[in-house]
Amino acid sequence: GESVGLHLPTLSVQEGDNSIINCAYSNSASDYFIWYKQESGKGPQFIIDIRSNMDKRQGQRVTVLLNKTVKHLSLQIAATQPGDSAVYFCAEGEGYKLSFGAGTTVTVRA
Amino acid sequence: NAGVTQTPKFQVLKTGQSMTLQCAQDMNHNSMYWYRQDPGMGLRLIYYSASEGTTDKGEVPNGYNVSRLNKREFSLRLESAAPSQTSVYFCASSVGTHTGEQYFGPGTRLTVT
């Protein structure tokens, strides 16, 4: 079946370093890809998205890269801060439907 | 702007009981969604409403019903709760359906014993 998944369930990062969170997907018909951040006890929060006809998109301190050849998505966070500690989900979208991966827990070390 | 609000925040039900989870958004969004999140998993879509007056099944609709009461409100009903429905339920909204930019509520943590 088709699935969205993240390569690693956990990631520990030193404060100030850059973080890279990876995700593999398998539905080549997906129109768009999204990254969400979920802090403990809260709902997911939209970070950034990228359409399937793009390969890179930048936001504030974040960059999303899409490699359709190998069906890979990544989220780069520059100068990681303690407030970046959370679970990060990638999701792929086709029409109305979003399919979420299981998430990567990012812990920022002081 | 409150964004997306959900009530209640916590609920404990006995098997076979019914309840309705309420959701409202004040962003004038057309589309609304209900998801469930189980431990260690991503979110799974239960039902969605592309616009006022329409509802459609998502990935895991069995055991649930929904009502899009008006543009602001979208409720989720469990007619006969089962332990397998123990989960955290999130409501979300978006401007339209072909976008990943959804805004989520704080969630309802439901336990069925």
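In the range A:70-105, how many residues are of a type outside the set (D, E, K, R) and part of a loop (DSSP other than H, G, I, E, B)? Talk me through it step by step, then tell me what you get.
Here is the first cut: in the range A:70-105, the residues of a type outside the set (D, E, K, R) are A:70, A:72-83, A:85-91, A:93, A:95-96, A:98-105.
Checking the rest, the ones that are also part of a loop (DSSP other than H, G, I, E, B) come to A:70, A:78-81, A:85, A:95-96, A:101-103.
Of the residues in the range A:70-105, 11 are of a type outside the set (D, E, K, R) and part of a loop (DSSP other than H, G, I, E, B).
Looking at the range B:71-113, which of its residues are over 12 Å from the mean Cα position of the chain (by Cα) and closer than 28 Å to A:D49 by Cβ?
Of everything in the range B:71-113, those that are over 12 Å from the mean Cα position of the chain (by Cα) and closer than 28 Å to A:D49 by Cβ turn out to be B:K71, B:R72, B:S94, B:V95, B:G96, B:T97, B:H98, B:T99, B:G100, B:E101, B:Q102, B:Y103.
Evaluate the range A:17-26: report whether one residue or more is touching a helix residue (DSSP H, G or I) at 6+ places or on another chain (Cβ under 7 Å), away from chain B (no Cβ under 11 Å) and outside any strand (DSSP E or B).
Looking through the range A:17-26, none of the residues is touching a helix residue (DSSP H, G or I) at 6+ places or on another chain (Cβ under 7 Å), away from chain B (no Cβ under 11 Å) and outside any strand (DSSP E or B).
Filter the range A:88-110 down to residues that are β-branched (V, I, T) and surrounded by fewer than 19 Cβ atoms within 10 Å (Cβ to Cβ) and give me whichever is farthest from the other protein chains (Cβ to nearest Cβ).
Among those residues, the one meeting the criterion is A:T107.
For the range B:1-38, which residues satisfy the criterion of being of a type in the set (S, T, Y) and closer than 10 Å to B:E73 by Cα?
Answer for the range B:1-38, where residues must be of a type in the set (S, T, Y) and closer than 10 Å to B:E73 by Cα: just B:T5.
Would you check which residues across the range A:1-16 are assigned to a strand (DSSP E or B) and at pLDDT below 90 and list them?
A:V4, A:G5, A:L6
A quick yes/no check of all residues on (1) under 19 Å from A:Q14 (Cβ atoms); (2) of a type in the set (F, W, Y):
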site	(1), (2)
A:N67	no, no
A:V70	no, no
A:L75	yes, no
A:Q81	yes, no
A:Y88	yes, yes
A:A91	no, no
A:L98	no, no
A:A102	no, no
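Exactly one of these conditions fails for B:V12: (1) without any contact (Cβ under 8 Å) to a residue 24 or more places away in the chain; (2) part of a strand (DSSP E or B); (3) of a type in the set (A, V, I, L, M); (4) surrounded by fewer than 18 Cβ atoms within 10 Å (Cβ to Cβ). Give me its number.
Of the numbered conditions (1) without any contact (Cβ under 8 Å) to a residue 24 or more places away in the chain; (2) part of a strand (DSSP E or B); (3) of a type in the set (A, V, I, L, M); (4) surrounded by fewer than 18 Cβ atoms within 10 Å (Cβ to Cβ), the odd one out for B:V12 is (1).
Take residues that are within 12 Å of chain A (Cβ to nearest Cβ), of a type outside the set (D, E, K, R) and over 24 Å from B:G16 (Cβ atoms) and tell me which of the strands (runs of 3 or more DSSP E) falling wholly in the range B:26-113 contain 2 or more.
B:31-37, B:43-49, B:87-94
Which residue is nearest to the other protein chains (Cβ to nearest Cβ), if the candidates are limited to the range A:41-69 and must be touching a residue at least 12 places away in the same chain (Cβ under 8 Å) and outside any strand (DSSP E or B)?
Within the range A:41-69, the match that is nearest to the other protein chains (Cβ to nearest Cβ) is A:P44.
Residue check: is A:F33 outside any loop (DSSP other than H, G, I, E, B), of a type in the set (F, W, Y), facing chain B (nearest Cβ under 8 Å) and buried (at least 20 other Cβ atoms within 10 Å of the Cβ)?
When the stated conditions are applied, A:F33 passes them.
Within the range B:57-71, is even one residue without any contact (Cβ under 8 Å) to a residue 24 or more places away in the chain and of a type in the set (D, E, K, R)?
For the range B:57-71, residues without any contact (Cβ under 8 Å) to a residue 24 or more places away in the chain and of a type in the set (D, E, K, R): present.
The values are calculated or read from the model by the stated rules, or taken from the named source; none is laboratory data. None of these values were measured; they are calculated from a predicted model. Methodologically, a virtual Cβ is constructed for each residue, glycine included, from the backbone with ideal geometry; neighbour enumeration extends over all protein chains shown.
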